[in-house]
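The values are calculated or read from the model by the stated rules, or taken from the named source; none is laboratory data. These numbers come from a predicted model, not from an experiment. Cβ: placed from backbone, ideal geometry, glycine included. Neighbour counts: every protein chain shown. With ligands, DNA and RNA removed, areas are computed over all heavy atoms of the protein, side chains included. Shrake-Rupley method; radii C 1.70, N 1.55, O 1.52, S 1.80 Å.
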Amino acid sequence: ERMKGSIEAESKEDSGIVVKFCLPFEKQVEKEEVPIFKLKNLADKHVMAVSDDLDIIRSLKELLTSWHCRFDDASDKQSALEKLEIALDEDAPVDLIIIDMQMTQTAPEEFAVEIKENPDLFNTQIIMLSDFGRRGDAQRLKSIGVVGYLPKPVVPEQLYDCIATVLASAFPSRR
């Protein structure tokens with residue numbers, strides 16, 4: 001009654017009960033879609049993968065180089081920071097860092113915060129990869145400046161879409 005609907009129940013011996021109900025709903029107003037911009041290609045984007053898992057590094061290198069990205073890798077925070085500084089000195093800054101959340105020698109979230117607190121690296125975009133997600137991970141990572149969060153194993157199409165969307169948002173003039 002509250003929802004201005006109706007309900008019927010019909011019971012037949014040895015065959016059970018049939019319940020029918022009808023609820024009137026108004027057609028929902030269509031929402032205006034927000035356009036999502038993606039880069040048309042990733043050629044010459046400088047991407048660094050940080051993981052102590054060689055299989056992850058190998059698979060990311062294979063994918064990213066097939067998309068014509070400039071690829072770099074590091075197995076820990078310290079070597080990543082050194083390579084980031086070298087890239088800045090060579091006037092070829094890293095556009096995006098992909099960090100494995102399951103590294104054993106590096107605290108990935110602290111590393112992300114360190115990148116975002118460094119004025120020279122602040123514009124470097126960060127995507128995290130995780131074996132398993134927990135409720136609240138995406139929101140917590142977003143609050144520290146991580147702009148993408150993907151499960152492992154990485155699905156190539158999802159990674160490409162994530163990178164293309166992240167870089168288009170970060171560098172709108174390069175679309």
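Key figures for this structure:
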read-out: Filter result (small (Gly, Ala, Ser) and in contact (Cβ under 8 Å) with a residue 60 or more places away in the chain) within the stretch 114-171; value: Ala164, Ala168, Ser169, Ala170
read-out: Residues of the stretch 45-98 satisfying the condition of being hydroxyl-bearing (Ser, Thr, Tyr) and farther than 16 Å from Glu110 by Cα; value: Ser59, Thr65, Ser66
read-out: Failed item, numbered, when Ala49 is tested on (1) under 18 Å from Gln158 (Cβ atoms); (2) open to solvent by 30 Å² or more (accessible area, probe 1.4 Å); (3) not in a helix (DSSP H, G or I); (4) not acidic (Asp, Glu); value: (2)
read-out: Qualifying residue in the stretch 86-109 (condition: free of Cβ contacts under 8 Å to residues at least 12 places away in the same chain, in a helix (DSSP H, G or I) and under 19 Å from Asp72 (Cβ atoms)); value: yes
read-out: Unmet criterion (only one of (1) loosely packed, with under 15 Cβ neighbours inside 10 Å; (2) over 22 Å from Lys40 (Cα atoms); (3) within 20 Å of the chain's Cα centre (by Cα); (4) not acidic (Asp, Glu)) for Asn123; value: (2)
read-out: Residue within the stretch 128-138 that is aromatic (Phe, Trp, Tyr), within 18 Å of Ala170 (Cα to Cα) and open to solvent by 70 Å² or more (accessible area, probe 1.4 Å) present; value: no
read-out: Scope the stretch 118-136; condition in contact with a strand residue (DSSP E or B) (Cβ under 7 Å, 6 or more places away or on another chain), more than 17 Å from Leu81 (Cβ to Cβ) and not in a strand (DSSP E or B); matching residues; value: Gly133
read-out: Which listed residue is touching a helix residue (DSSP H, G or I) at 6+ places or on another chain (Cβ under 9 Å) and among the basic types (Lys, Arg), from Lys116, Lys142, Lys152; value: Lys152
read-out: Checking Ile17 against (1) under 28 Å from Ala168 (Cα atoms); (2) part of a strand (DSSP E or B); (3) β-branched (Val, Ile, Thr), the condition it does not meet; value: (1)
